[in-house]
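What follows is one structure encoded as structure tokens, with my remarks underneath.
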Amino acid sequence: MADLSDEELLAELGVSLEAKKKAALTAEEERIIAGFEDICRFYEEHGHAPAHGEDRDIFERLYAVRLDRIRALEKCRSLLAQRDPHGLLSVSGKEAESPDPDTLDDDALLAELGIEAEPAAESITVLKHVKSRAEVRAAEEIASREPCKDFEIFRPLFAQVQEDLKSGVRETRPFGQEAGIRQGEFFILKGQMVYVAHVGEEFETEYGRRDSRLRVIYDNGTESDVLLRSLQRALYKDEAGRRITDPTVGPLFGTTVEPDDLESGTIYVLRSLSDNPYIAQHRNLIHKIGVTGGDVKKRIANAKHDA
């Protein structure tokens, strides 16, 4: 027995050395695995599973839909059970809602899983290399952020707003109370402060709605040219979405009585006739609002000596 090799000894003991053949994967299974590996790499790079949301990168949103589809199909979960080091296949109650798999046809479902259906026979009615309308709309509505090259201009604005919020000069209000978006306004979206630096010319969409392209600056030094309606939707959907009030815009009257308040009187609004170049240039914007208990003409008799 000592002269027998290991293989011969095992053979004498009736132990077969024939390795078990691994079950071959189908092309569909290989693509599902490859698609899931992309999701795992995203998790490793960003520290969280891909999520839905108009403020998310288009690729993250696609990964999120793909992950939802994988979770919805038992055959996918079984195939990937041993390839899920981050526990991505488990579904928590906080996961964002996504379209029901039953609402997608076979080709759409396979596409979401990263599986391309077999191409149909060549036909002049089949468009190639042309984005679908859904893709075009996604690209339009999800403007990707990029570094704001002149952020130093906006940095003091964000700092001032932060100070105003701390001191109570400004406050935050739920966005739904007023849906308008105007140039120069600040908002809070997904925990980030947002400044609308510019509102472009209004245009009509294919559905007959009015919309505008914005230049939006974020407090992390990035910017985007998102559509006005897209920003509105994002603020609506964000439960924590807020509008930051502007202390220079109303209300004109406080709710507490001050020592020098008058019980009755006349409120007047004056526009300066000064020849000062700055005032002359902004004459239609600069006004003085006051109240007097006497005659307004007497109150403003010496206005020309007022700075």
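The values are calculated or read from the model by the stated rules, or taken from the named source; none is laboratory data. Predicted, not measured: the structure shown is a model, and the values here were computed from it. FYI the Cβ positions are ideal-geometry reconstructions off the backbone, even for glycines, and counts take in every protein chain you see.
Here T248 passes the criteria (1) modelled with pLDDT of 85 or more; (2) out of contact with any Gly (no Cβ under 7 Å at 6 or more places or on another chain) except the one numbered (1).
What do you reckon, is G180 exposed (fewer than 12 other Cβ atoms within 10 Å of the Cβ) and under 24 Å from L227 (Cα atoms)? For G180, the condition - exposed (fewer than 12 other Cβ atoms within 10 Å of the Cβ) and under 24 Å from L227 (Cα atoms) - is met. Contact annotation: residue pairs with Cβ atoms under 9 Å, 6 or more positions apart or on different chains, pairing a residue in segment 284-297 that is at negative phi with a partner that is part of a strand (DSSP E or B) and of a type in the set (S, T, N, Q), are V291/T266; T292/T266; G293/T266; G294/T266; D295/T266; V296/T266. With respect to (1) over 22 Å from R56 (Cα atoms); (2) free of Cβ contacts under 8 Å to residues at least 40 places away in the same chain, the lone exception for D211 is condition (1). Exactly one residue out of L62, L80 is of a type outside the set (S, T, Y), surrounded by 15 or more Cβ atoms within 10 Å (Cβ to Cβ) and at pLDDT 90 or above, and it is L80. Residues of segment 148-176 being small (G, A, S) and assigned to a helix (DSSP H, G or I), which ones? Those that are small (G, A, S) and assigned to a helix (DSSP H, G or I): A159, S167, G176.
When segment 183-221 is filtered for residues that are of a type in the set (D, E) and surrounded by fewer than 15 Cβ atoms within 10 Å (Cβ to Cβ), the ones remaining, listed by number, are E201, E202, E204, E206.
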